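Q: Attaching a single structure in structure tokens format; questions to follow.
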Amino acid sequence: MNINQFNNIFFIGVAGTGMSAIAQYLRGVGKNVSGSDRYFLPDTYNETREKLEAEGILCFLQDGSGITAQTDLVVASTAIEDTVFEVQKAKELNIPILRRSEVLALIAESKKTIAVGGTSGKSTTSAMIFDIMQYAGLEPSIISGAGLTSIIREGKIGNAKVGKGEWLVIEADESDGSIVQYHPEIGLLLNIDKDHQEIDELMEIFGTFRDNTKEIFITNRSNKLAAKLSVAAANDFATAASEGAGYTGTDFVQNGLHIQFSINGTTIKMNTVGAHNMENALAALAVVHRLGVSFDTAAEALTQYEGIYRRHQIIGEKHGVLLIDDYAHNPAKCAASIAACQPVAPKLIAWFQPHGYKPTRFLRDDFVHDIAAVLRPQDEIWMSEIFYAGGSAVKDISANDLIEDLKKLGKNAFFVENRNNLTEAIKPHLEAQTVLLLMGARDPSLEVFAKEVFDKL
């Protein structure tokens, strides 16, 4: 099967981040693309729909009207079940149905591909690689899991762009196991931490990713589990010279909302926060250096890096409180996000909305351990009740259970069941120099929640 054999492609669930990225890419290479989504409602404005239609992607209600005899491929997101009417209609018309990851794998086979894998940092690192390559004149393409600010400024969703060059940058997702479908020229492994699966399962999945990489495999020697999958130290990156990596970051400094570090003698300055973003940048630098981009050129590109949507996104400052919105949703990401914001102000108040009862139960001890380890005595952690997307989950755990665990460890921990009550509850705790960090993922309404909190401050 080849992506070039399909011309009229319909997406069921096209508004989703992963789906809209592929839809925009395929439209950008000349395909006739259309799609539907349950969030598209009659006489109701939808920003994603508007931006997709501006790209020439026809959008329909999820009623089957968009699928016709001319449709030669239907793409269904993992959230779409076989019982959905549109899936049934596609089957009746004998139209092939592929999942998002299968289509991404077909696209990747049609280009020289850089696949970015790991349990944390994929979207950020993909954006850094893309921005450096674009600055260096390589005209890359990208299919991302988050909107790049540099592309959003063009009035687009920001998670995809078609360039004239030969390289495509993609995120390789391990959460659904789809990472094993890709055969990239360059495979990048950022880290391995407990997230959706047990460690043994993750090691097997990422091991297959390594084995499927055609030319260059690069990994993080400072991450103990990722280091076990190293192919050649000269390809790898690390944050300590003792790791023996080909690309080593040293002299990390964070001043407020800016970081600085050195890689193999070249100074890198960026408008972002956190030591984890030095690791992301080291990974990007290791990749682009293999493509012939000099450290000096990459350093110039990174000074202009604007970040991605909901990754330490600064919403604003009011009454001395700086509000930052972040996509952190697993223990390692939450801890890294908190640590990254601590140098910005003497006090940090972090709020987190866990996602799903099963994942929260699976990661309970890890959340408590990692968050407790990073909080300073003056810092606070707040949580609201677990986000539930529907289904048949057993609701035998609450976010308050994690808060009670944290209290037992002597931490300043608070539970506010309904997040709409957060701002009023938190106001007495805010001081003149405080960072208010909001964390959470996979709940679409979080995209506007940070702005709502800011308006109420």
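The values are calculated or read from the model by the stated rules, or taken from the named source; none is laboratory data. These numbers come from a predicted model, not from an experiment. Glycine gets a Cβ as well: all are built from the backbone with ideal geometry, and neighbour counts include every protein chain shown. These area figures cover heavy atoms from the full protein model, side chains too; ligands, DNA and RNA do not enter into them. Shrake-Rupley method; radii C 1.70, N 1.55, O 1.52, S 1.80 Å.
Q: Residue by residue through the stretch 18-34, what is 3J(HN,Hα) from phi via Karplus (6.51 cos²θ - 1.76 cosθ + 1.60, θ = phi - 60°)? Round to whole Hz and write x for glycine and proline.
A: Along the stretch 18-34, the couplings run x, 6, 5, 5, 5, 4, 5, 4, 5, 5, x, 9, x, 7, 7, 10, 9 Hz.
Q: Tell me, what is the Rg over Rh of the stretch 213-316, with Rh the Kirkwood radius over Cα pairs? Mind dumping the intermediate values first?
A: On the way: Rg = 13.8 Å, Rh = 14.2 Å.
Reported Rg/Rh (Cα atoms, Kirkwood Rh): 0.97.
Q: Follow-up. Return the loop-located trypsin sites (Lys or Arg not before Pro) in the stretch 143-172 (DSSP other than H, G, I, E, B) with at most 15 other Cβ atoms within 10 Å of their own Cβ; answer none if there are none.
A: R153, K164
Q: Kindly work out what percent of the DSSP beta bridges joining two residues of the stretch 175-283 are antiparallel, to the nearest 5.
A: Taking every DSSP beta bridge within the stretch 175-283, about 60 percent pair in antiparallel fashion.
Q: What percentages, rounded to whole numbers, describe P(r) for the stretch 392-444 computed over all alpha carbon pairs with 5 Å bin width beginning at zero?
A: Per 5 Å bin, starting at 0, the Cα pair percentages come out as 4, 13, 18, 26, 23, 10, 4, 2, 1.
Q: Please list the non-local residues whose amide H lies under 5 Å from the amide H of H355, H modeled 1.01 Å from N, same-chain partners needing a gap of 5 or more.
A: Amide H neighbours of H355, under 5 Å, 5+ apart: F387.
Q: Report the full-extension gain for the segment T44 to K91: residue separation times 0.36 nm, less the Cα-Cα distance, to one decimal in nm.
A: Extra length from T44 to K91 when fully extended: 14.0 nm.
Q: Taking amide H positions as placed 1.01 Å from N in the peptide plane, with prolines and chain starts having none, which residues 5 or more places from W167, or on another chain, fall under 5 Å of its amide H?
A: For W167, whose amide H was placed from the backbone, the distant partners under 5 Å are S141.
Q: Let me know the Rg and Dmax you get for the stretch 370-414 when you use only its Cα atoms, in Å.
A: That works out to 12.6, 39 Å for Rg and Dmax.
Q: Roughly speaking, what % of Cα-Cα pairs in the chain are separated by over 30 Å, rounded to a whole number?
A: The calculated P(r) of the chain puts 46 percent of pairs beyond 30 Å.
Q: Filter K407/K427; K111/K161; K112/K164 down to the pairs with a C-alpha to C-alpha distance above 18 Å, please.
A: In this structure, K407/K427 lie more than 18 Å apart at Cα.
Q: For the stretch 262-338, compute Rh as the Kirkwood radius over C-alpha pairs and then the Stokes-Einstein diffusion coefficient at 20 °C and 1.002 mPa s; write the answer in µm²/s, rounded to an integer. Don't skip to the end; give the middle numbers.
A: Working: Rh = 14.0 Å.
For the chosen part, D equals 153 µm²/s.
Q: Let me ask something additional. Mind checking which lysines have their Cα closer than 25 Å to the Cα of K91? Skip sequence neighbours fewer than 8 apart in that chain.
A: Cα-Cα hits under 25 Å: K31.
Q: What's the Cα-based Rg to Rh of the stretch 76-146, Rh via Kirkwood?
A: Numbers: Rg = 16.4 Å, Rh = 14.7 Å.
Taking Rh as the inverse mean 1/r over Cα pairs, Rg/Rh reads 1.12.
Q: Taking only protein heavy atoms into account and a 1.4 Å probe, give the accessible area per residue of the chain in Å².
A: Solvent-accessible surface per residue comes out at 41 Å².
Q: With unit charges on the beta carbon (Lys/Arg positive, Asp/Glu negative), name the residue among G117, L41, A146 whose Cα is farthest towards the positive pole of the charge dipole of the stretch 1-147.
A: G117
Q: When the Karplus curve 6.51 cos²θ - 1.76 cosθ + 1.60 is applied with θ = phi - 60°, which whole-Hz ³J(HN,Hα) does each residue of the stretch 357-373 get, with x for Gly and Pro?
A: Working through the residues one at a time gives 6, 5, x, 5, 5, 5, 10, 3, 5, 5, 4, 4, 5, 5, 5, 4, 5 Hz.
Q: How large are Rg and Dmax for the stretch 22-67 when calculated on the C-alpha trace, in angstrom?
A: Cα radius of gyration and Dmax of the stretch 22-67 are 10.4, 31 Å respectively.
Q: Can you show me the helix-derived [θ] at 222 nm for the chain, built from DSSP H runs with n ≥ 4 at -39,500 (n - 2.57) apiece and divided by the number of residues, rounded to the nearest 500.
A: So the calculated ellipticity at 222 nm is -10000 deg cm²/dmol.
Q: Now a separate question. Could you give the radius of gyration (one decimal) and Dmax (whole number) of the Cα atoms in the stretch 288-437, in Å?
A: Both quantities, over Cα of the stretch 288-437: 17.6, 54 Å.
Q: Here's another thing I want to ask about it. Provide the three semi-axes, in whole Å and in decreasing order, of the ellipsoid equivalent to the stretch 365-457 as defined by the square roots of 5 times the Cα gyration tensor eigenvalues.
A: Semi-axes, largest first: 21, 20, 11 Å.
Q: Pop out the Kirkwood hydrodynamic radius of the stretch 87-220 from its pairwise C-alpha distances, inverse of mean 1/r, in Å to one decimal.
A: 15.6
Q: Also: Given the C-alpha atoms of the stretch 76-115, compute the convex hull and give its volume per residue in Å³.
A: Convex hull volume per residue, Cα atoms: 60 Å³.
Q: Over the residues of the stretch 5-124, compute the C-alpha Rg and express it relative to 2.2 N^0.38 Å. If you can, show how the numbers build up before the last one.
A: On the way: Rg = 14.2 Å, N = 120, 2.2 N^0.38 = 13.6 Å.
Here the Cα radius of gyration is 1.05 times the empirical estimate.
Q: Next question, about the same structure. Enumerate the amide H contacts of G249 below 5 Å, restricted to partners 5 or more residues apart or on another chain; note that Pro and chain-start residues carry no placed amide H.
A: A238, T239, A240
Q: Let me ask something else. So for the pair N2, S392, with labels modelled 7 Å out along Cα→Cβ, what separation do we get in nm?
A: So the two model labels end up 4.3 nm from each other.
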